[in-house]
1. May I ask you to list pairs of residues, at least six apart or on different chains, whose Cβ atoms are under 7 Å apart, with the first in the range 19-36 being in contact (Cβ under 8 Å) with a residue 60 or more places away in the chain and the second being open to solvent by less than 100 Å² (accessible area, probe 1.4 Å)?
2. If I go through the range 138-151 residue by residue, how many of them are open to solvent by 20 Å² or more (accessible area, probe 1.4 Å), within 17 Å of residue 121 (Cα to Cα) and not charged (D, E, K, R)?
3. Kindly check whether there is at least one residue in the range 263-274 that is at pLDDT below 95 and assigned to a helix (DSSP H, G or I).
4. Name the residues in the range 1-13 that are under 26 Å from the mean Cα position of the chain (by Cα) and either open to solvent by less than 50 Å² (accessible area, probe 1.4 Å) or closer than 18 Å to residue 209 by Cβ (or both), would you?
5. Kindly check whether there is at least one residue in the range 51-58 that is farther than 24 Å from residue 218 by Cβ, assigned to a helix (DSSP H, G or I) and among the charged types (D, E, K, R).
6. From the residues in the range 212-238 that are under 30 Å from residue 120 (Cβ atoms) and in contact (Cβ under 8 Å) with a residue 12 or more places away in the chain, which one is farthest from the chain's Cα centre (by Cα)?
7. Among the listed residues 189, 198, 174, which satisfies the condition of being under 27 Å from residue 45 (Cβ atoms) and touching a residue at least 12 places away in the same chain (Cβ under 8 Å)?
8. Starting from the range 133-154, keep only residues that are over 18 Å from residue 110 (Cα atoms), then list their pairs with residues that are polar (S, T, N, Q) whose Cβ atoms are within a distance under 7 Å, requiring at least 6 positions of separation or different chains.
Amino acid sequence: MVSIQLFFRGFRLLYLDFKEVHGIKYKMANKGLKYNQLPYREMEKLRQFRRDVIKVIPVVLLAIPPFANYIVFILMYFFPRQFLISHFWTHDQHQEFKEIYHSFRAQVYPDAVSGLIKAASKVKDRQLKKQLLTLGNKVQDGIHPEIFQLHIVAKLFLGHPLAIRHIDSRQAEIFSRVMFLTPHMPSFILRHRIWSHIMEIRHLDQALNSLGLHELSEDELRNACYVRGLNSVHLNAAQCKDWLIKWVQLSKKLKDSEASLLLHSMVLLSTNYLKKLPEKSK
């Protein structure tokens, strides 16, 4: 439930975010900058603010009819995860809701790996096909892959059947869920949205590599991992940094045309990472 005090705090945070985003947009227009030319924190702020706006628009529309706003306030009070953006959540709710959202996408992780193995059967290069099948089977067996194993098969994600433009409708739905996108759209729209969002993450990776992981706070490290597919809610800074270092190592060596490997790595590098950690550190 949401208290009145929390509501005022949320509106204050939202106002501060709006001011910051307005300043970033003004700088972009004034200096002719594109999104991918911004510093990491500004890129991340725009990304998150856009997602918040997309979430809040249906709630605002729902409140337009006469007296409907009273119903909306009641819904906000009893269902903060569904009807409120993160500015209005408590610290405990942040953790609880993030775990819930991750559980939704993690449900399709096994399907994503199965789809990868199925697609691998269509690869013509026998050696790379074997390596890709081995990679997929190891992940299914609970083994966390190494970055070099992903690099080896990178060129398979350039064309059919693993490039984003070639993934089948089922995989398009799966990876939409992985990226917190609605899967209820035509396949060609899903593929376009997946491509747009994974390229956004790739641009964030490039800005993050320029900034340096050592510049991130613990919350920023945790959020960066979460955005890239890992349930980082209960991980400490060292664990998040360890995972993120490997992710950035992979990302900076890939071409834009190999973005599908980065997309698949959201699943491949997240599925078993927690299993390999010592029990006392989880």
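1. Matching pairs, first to second residue: 35/43; 35/46; 35/203; 36/203.
2. So the answer is 1.
3. Within the range 263-274 (the criterion being at pLDDT below 95 and assigned to a helix (DSSP H, G or I)), the answer is yes, since at least one residue qualifies.
4. The one that is under 26 Å from the mean Cα position of the chain (by Cα) and either open to solvent by less than 50 Å² (accessible area, probe 1.4 Å) or closer than 18 Å to residue 209 by Cβ (or both): 10.
5. Yes, that holds for at least one residue.
6. 231
7. Of the residues listed, the single one that is under 27 Å from residue 45 (Cβ atoms) and touching a residue at least 12 places away in the same chain (Cβ under 8 Å) is 198.
8. 147/249; 152/131; 153/131
The values are calculated or read from the model by the stated rules, or taken from the named source; none is laboratory data. Quick caveat, the model's predicted, so the values are computed rather than measured. Positions of Cβ are generated from backbone atoms using ideal geometry, with glycine treated the same way; all protein chains shown enter the neighbour counts. When the accessible area is computed, the model is the full protein with side chains, heavy atoms only, and any ligands, DNA or RNA have been set aside. Shrake-Rupley method; radii C 1.70, N 1.55, O 1.52, S 1.80 Å.
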